[in-house]
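Reading through the structure tokens given below for one structure.
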Amino acid sequence: MQASKYHINTLKEAPAEAEVISHQLMTRAGMIRKAAGGIYTYMPLGLRVLHKIERIVREEMDRADAIELLMPMVQPAELWYESGRWEQYGPELLRLKDRHQRDFILQPTSEELITDIARNEIHSWRQLPLNFYHIQTKFRDERRPRFGLMRGREFTMKDAYSFDRDEASAQGSYDAMYDAYMRIFSRIGLEFRAVAADTGSIGGTRSHEFQVIADTGEDLIVYNPESQYAANMELAEAPCLLAERATPREDMVKASTPGAAKCELVARQLDRPLTDTVKSIVLATENAETRETAIWLLLLRGDHELNEIKASKVPGLEAGFRFATETEIQETFGCVPGYLGPVNTTRPVKVIADRTVANMSDFICGANAADYHYTGINWGRDLPEPDEVADLRNVVAGDPDPAGGTLAIQRGIEVGHVFFLGDKYSKAMNATFLETDGKPALLQMGCYGIGISRIAAAAIEQNHDGKGIIWPRAIAPFEVVICPMGWHKSETVRNTAQALHDALQERGVDVMLDDRDTRPGIMFADWELIGVPLRITVGDRGLKDGIVEVQARREAEASRIAPDDAVAQVM
Ligand code: ATP
Ligand code: MG
Ligand code: MG
Ligand code: MG
């Protein structure tokens, strides 16, 4: 590949709205261009990265005997009526009508369609197990799509669906996918962790997320460095840790108890969900100086996603609480109950202590956070005594790891999710097969997602420096770039660079020859920003000594070696 025939357009500045480094760098490197909020064109360089990720995913899915097909993006609503998710999914599901006023959806995931395929295609136990997958554009009308490819509205996902005769066999399919995911993320070259995850509204006990470790991740992972234990903080087992973490977040507490020099915050998940789709949390704030305590009840509504949150003070924590009306909330807090931020779990625990905490002030007080004072508000007997708060703290103190030990917390980006579904969809949609005794039985299912486009962003969150992206070689748009110094001026340089390029290409290396003849500083800066892991610099001066320079993107020093050796070195 020659740069003069390719499209390279790097930018000095990132768009103001780009909050995370992957969004900034992908835009600056010319890998993505925004079409609308959360909707991007994958530019040539970005597309190469996605293709490389897809290729690894395909190879490992095929190796695990999953079978590729391609389901449509636009799917008939009837299937979603059948599963009940037309009602349940909420505003993240994009609904469309055709010219005959028939309802369709843009698939956010494809359980319904694949279950329809399965019930028509699978007749006998002899055909099982089966695992179908596709790599397809997804659409989720995310509330706040603000992190580039990390949380797009349109994005690329690999989703697989397994079908088995019984639970034991379905567990085997699940394990096979788990293993395939371990291989996939190892091959991509990311630091990751498989963690036990929330089964949310789907229920059941088996679910794991694959989390790429990065400080900017939206998820919190709690793990035991001494044991195998690792779980998403969403799992309610770790609320005590959340309470600990919550303490330093004075910004939020201040917002709800203004004037407080130091506030303590305790959090607790209510023991029982209020309905299947509504969960709640209790949040207590305590002003360390005045010992004034406020208890908030946040009601989280939603199925797969949370999309509506209501607040109320709790009149008496243990007995007979009721929920405030919207008017009451408005009167009490001076704002309408609002959205708490990019919450995406049915487990509300992390809402309290982490990323959404900063948004609590918006939530509770709207734009008037700074002006808000609750002194005067009549809490009456609804205010618990200080030792009641201490009790509350005791309730949440529990050890989430059966093995014991000190737990560590780190942030992660969810790049994959494996899920045991059981007969949730097969039952709702009557997807059966004939067992050995000739009787129909429900298919046992699992579903397995990988965020292809999110992986590209996650890789950057984990691998970058002040100059730009540092791609893991397995998914780099180009593995090697050859930078000739004086392409037009020196025939020797030209010949050597071209020969190196051809030799590498012949050996199957993804190589780019930068024949644009730009100034070295600009040329280097471009490729450092783009993140090509290896650079070979060819110049007259070096060639006089019989050497070229091989520079690894991650290393400070270049190695000076003969052109022939350079080929071997970068292989
Ligand atoms: P999140 O918690 O980040 O909202 P999710 O749990 O809703 O993700 P799943 O339904 O488990 O996502 O989908 C499978 C995979 O698809 C996720 O593990 C993630 O890698 C990817 N994914 C989900 N939502 C998005 C998005 N908005 N943009 C990019 N990738 C996404
Ligand atoms: Mg999730
Ligand atoms: Mg989500
Ligand atoms: Mg998930």
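The values are calculated or read from the model by the stated rules, or taken from the named source; none is laboratory data. Every value quoted in this text rests on a predicted model; they were computed, and no experiment measured them. Methodologically, a virtual Cβ is constructed for each residue, glycine included, from the backbone with ideal geometry; neighbour enumeration extends over all protein chains shown.
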Checklist line | Residues located in region 60-92, provided they are part of a loop (DSSP other than H, G, I, E, B) and either modelled with pLDDT of 95 or more or under 28 Å from Gln127 (Cα atoms) (or both) | finding: Ala64, Asp65, Ala66, Leu69, Leu70, Met71, Pro72, Met73, Gly84
Next item on the list: Can you confirm whether region 484-491 contains a residue that is touching a His at 6+ places or on another chain (Cβ under 9 Å), under 23 Å from Met571 (Cβ atoms) and of a type outside the set (Val, Ile, Thr)?
Entry: no
Next item on the list: Working only within region 158-182, note down all residues that are out of contact with any helix residue (DSSP H, G or I) (no Cβ under 6 Å at 6 or more places or on another chain) and either modelled with pLDDT under 95 or not small (Gly, Ala, Ser) (or both).
Entry: Asp159, Asp166, Glu167, Gln171, Tyr174, Asp175, Met177, Tyr178, Asp179, Tyr181, Met182
Notebook entry, point to check: Wholly within region 125-220, which strands (runs of 3 or more DSSP E) include no fewer than the required count, namely at least 2 residues that are away from ligand 4 (no atom under 16 Å from the Cβ)?
Noted result: 130-139, 154-164
Next item on the list: Sort out which residues of region 199-233 are modelled with pLDDT under 70, over 20 Å from Tyr178 (Cα atoms) and within 11 Å of ligand 1 (Cβ to nearest atom), and write them in order of number.
Entry: none
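Every residue, every condition in (1) farther than 27 Å from Leu47 by Cα; (2) within 16 Å of ligand 3 (Cβ to nearest atom), yes or no:
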position: Ile122; (1), (2): yes, no
position: Arg126; (1), (2): yes, no
position: Phe132; (1), (2): no, no
position: Phe139; (1), (2): no, yes
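Quick check, is Lys34 out of contact with any His (no Cβ under 9 Å at 6 or more places or on another chain), closer than 25 Å to Pro484 by Cα and either exposed (fewer than 13 other Cβ atoms within 10 Å of the Cβ) or free of Cβ contacts under 8 Å to residues at least 24 places away in the same chain (or both)?
no
Say whether the condition of being among the hydrophobic types (A, V, I, L, M, F, W, C), in a loop (DSSP other than H, G, I, E, B) and without any contact (Cβ under 8 Å) to a residue 24 or more places away in the chain is met by at least one residue in region 531-541.
Looking through region 531-541, none of the residues is among the hydrophobic types (A, V, I, L, M, F, W, C), in a loop (DSSP other than H, G, I, E, B) and without any contact (Cβ under 8 Å) to a residue 24 or more places away in the chain.
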Check: What about Glu111, is it farther than 30 Å from Leu25 by Cβ, within 11 Å of ligand 1 (Cβ to nearest atom), under 22 Å from the mean Cα position of the chain (by Cα) and modelled with pLDDT of 95 or more?
Finding: yes
Note to self: among the β-branched types (Val, Ile, Thr), in a helix (DSSP H, G or I), within 16 Å of ligand 4 (Cβ to nearest atom) and within 33 Å of the chain's Cα centre (by Cα): which single residue out of Ile460, Ile455, Ile413, Ile450 fits that description?
What the structure shows: Ile455
Notebook entry, point to check: Residues Arg153, Arg193, Arg143: which one is under 26 Å from the mean Cα position of the chain (by Cα), over 30 Å from Leu442 (Cβ atoms) and more than 16 Å from ligand 3 (Cβ to nearest atom)?
Noted result: Arg193
Notebook entry, point to check: Which of (1) touching a Lys or Arg at 6+ places or on another chain (Cβ under 8 Å); (2) farther than 29 Å from Asn463 by Cα; (3) within 16 Å of ligand 2 (Cβ to nearest atom) does Gln171 not meet, given it meets every other one?
Noted result: (3)
Next item on the list: Can you tell me which residue within region 465-495, out of those that are under 30 Å from the mean Cα position of the chain (by Cα) and assigned to a strand (DSSP E or B), is farthest from Met523 (Cα to Cα)?
Entry: Asp465
Item checked: Filter result for the condition that a residue is buried (at least 20 other Cβ atoms within 10 Å of the Cβ), closer than 20 Å to Ile117 by Cβ and more than 16 Å from ligand 4 (Cβ to nearest atom), over Phe478, Phe433 -> Phe433
